[in-house]
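Taken together, the values in this text are just the output of simple stated rules run on the coordinates, not laboratory data. A quick note: this is a predicted structure, and the numbers were derived from the prediction, not measured. Virtual Cβ from ideal backbone geometry, glycine too; neighbours counted across all protein chains shown.
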Amino acid sequence: MTAAAGGGAPVYVNCPDGPWDVVQDRFSSAGRVVVHTTWGVWAPAALLDPELRRMLGRDWPRYRQFPGTGQRLGFAASRYVMKYTVAAALEVPVQAIDFTFRPGGRPGVRGWDELSLSLAHTDELLVVAVSGTGAIGVDIERADRSIPFDLMGEEMCTPREARRLAVMPAERQRAELLRLWTLKEAYTKALGYGLRHSFSRVGFDEDAEGRTRLAAPAPDADAWTFDTHRVQDRYLVSEAHRGAPPVRAADPSAATGTSTAQDEGARDRG
């Protein structure tokens, strides 16, 4: 399966009945898909499902441990959205999906080791990402959330990012800091680090075409793609995906055994 350059905007799915054809088409063409929904429209489906225990499988004991009904329903809804999204992407019955948990607590799917999953939620919003072409991570935040730059800037930003944000007008600064937060969350989740990875060590730039990319000297920077979208007019959803690095043209100097000083310096930096 070949991944497209971008996975597109998150797909809204309002219930277990779909629409799943959009999810299938997106996964087939891009190799990955991000779905968003609200847990409130899925919780009744989970609550009324006579197969709830079988659907939750190994998650059933965890479901039972939640003390409140709301927590239980939120957890069940998240698992249902994940199962239905994966089943739609793979075009298999939802009953065939059995989750496993990899090191660090990341979910996987039994029998589909190449599949990468990510889940994020805040308030009533649920976001699920599925990739068959490399590691994926998603994060969401309310678009109106305020993160104080003077208090959090040094913890969240590289020195270069901090200098860039410091001269922005207040509202633009707030929006950019929030975007960087979601991007760094998504990236570290795709790596399997989560909050154990210092955000101030992860930097982002924009290329000549305005696309977000990892700042040097990040390893495999060219293999990563990033997207941020606003959904339901209230949330920012960021996605980080690691695909295969682009194939580079052969260096003509390699054939002659010669190199320039600039080439040598580039290799040292790499």
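Observations on the structure shown:
- Relative contact order of the stretch 1-134, pairs being alpha-carbon contacts under 8 Å that are 6 or more residues apart, as %: 28
- In the chain, excluding the sites themselves, the longest stretch lacking any of the trypsin sites (Lys or Arg not before Pro) that are in a DSSP loop with at most 16 other Cβ atoms within 10 Å is 1-109.
- Our summary gives the chain a relative contact order of 16 percent, counting only alpha carbon pairs under 8 angstrom and 6 or more residues apart.
- For the stretch 1-134, the spread of Cα positions along each principal axis, largest first, Å: 43, 29, 26
- The stretch 143-226 - Debye-derived log10 I(q)/I(0), Cα point model, q = 0.13, 0.15, 0.16 Å⁻¹: -0.39, -0.53, -0.60
- Under the Karplus curve 6.51 cos²θ - 1.76 cosθ + 1.60, θ = phi - 60°, whole-Hz ³J(HN,Hα) for the stretch 230-235, x wherever Gly or Pro sits: 9, 10, 6, 6, 10, 10
- Note on 171, 91, 239, 141: ascending count of other Cβ atoms within 10 Å places them as 171, 91, 141, 239, the fewest first.
- Relative contact order %, the stretch 106-152, counting alpha carbon pairs below 8 Å whose residues are six or more apart: 29
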